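Taking it in order: structure first as structure tokens, then the write-up.
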Amino acid sequence: MSYLILVAGFGALVTYLLWFRDVRIFFRTRLPGYRAAARHGVAYATLALIAVDVALILDEIIGLGLILLALYLQGRERREKVFSGESALARVLGEAPPKER
């Protein structure tokens, strides 16, 4: 087992973290951009999981390429600006201010 398998697993973990962050921000703000990002995040997380399987079974480089593709596509989603002066940890965890009802 090569260290590239661990890199692929970390990439899949980051993909899931970004997806859960988008879901959390959507539930707190109800913004349509984060709703679309959360919905598309399901496909990107699935692609990352398949990429880990490809890296384990077939070829590590192809698996890493698929993970990079999933991360690239996830970063291209259009989202509204919800953060202004929060810390990096607050942005990573998705601690957006809740929308007033």
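The values are calculated or read from the model by the stated rules, or taken from the named source; none is laboratory data. Owing to the predicted nature of the structure, the values given are computational and were not obtained by experimental measurement. As a convention, Cβ positions derive from the backbone with ideal geometry for all residues, glycine included, and neighbour counts pool all protein chains shown.
Within the set I50, I25, the sole residue that is modelled with pLDDT under 95 and β-branched (V, I, T) turns out to be I25. Apart from one condition, E77 fits all of (1) crowded, with 16+ Cβ neighbours inside 10 Å; (2) charged (D, E, K, R); (3) not in a loop (DSSP other than H, G, I, E, B); the exception is (3).
Anything in the stretch 11-38 that is more than 18 Å from L89 (Cβ to Cβ) and charged (D, E, K, R)? List them, or say none. Passing the criteria: R30, R35. When the criteria are applied in full, R91 meets the requirement of being assigned to a helix (DSSP H, G or I) and modelled with pLDDT under 90.
Considering A96, A37, the condition of being surrounded by 18 or more Cβ atoms within 10 Å (Cβ to Cβ), assigned to a loop (DSSP other than H, G, I, E, B) and either of a type in the set (G, A, S) or at negative phi (or both) is satisfied by A96 alone. When F20, F10, F27 are checked against the criterion of being in contact (Cβ under 8 Å) with a residue 24 or more places away in the chain and surrounded by fewer than 17 Cβ atoms within 10 Å (Cβ to Cβ), a single residue qualifies: F20. Checking L68, L47, L89 one by one, the residue that is surrounded by fewer than 18 Cβ atoms within 10 Å (Cβ to Cβ) and within 15 Å of the chain's Cα centre (by Cα) is L68 and no other. Pairing residues of the stretch 77-101 that are within 16 Å of P32 (Cβ to Cβ) with residues that are at pLDDT below 80 and of a type outside the set (G, A, S), at Cβ distances under 9 Å and at least 6 apart in sequence or on separate chains, gives V82/P97.
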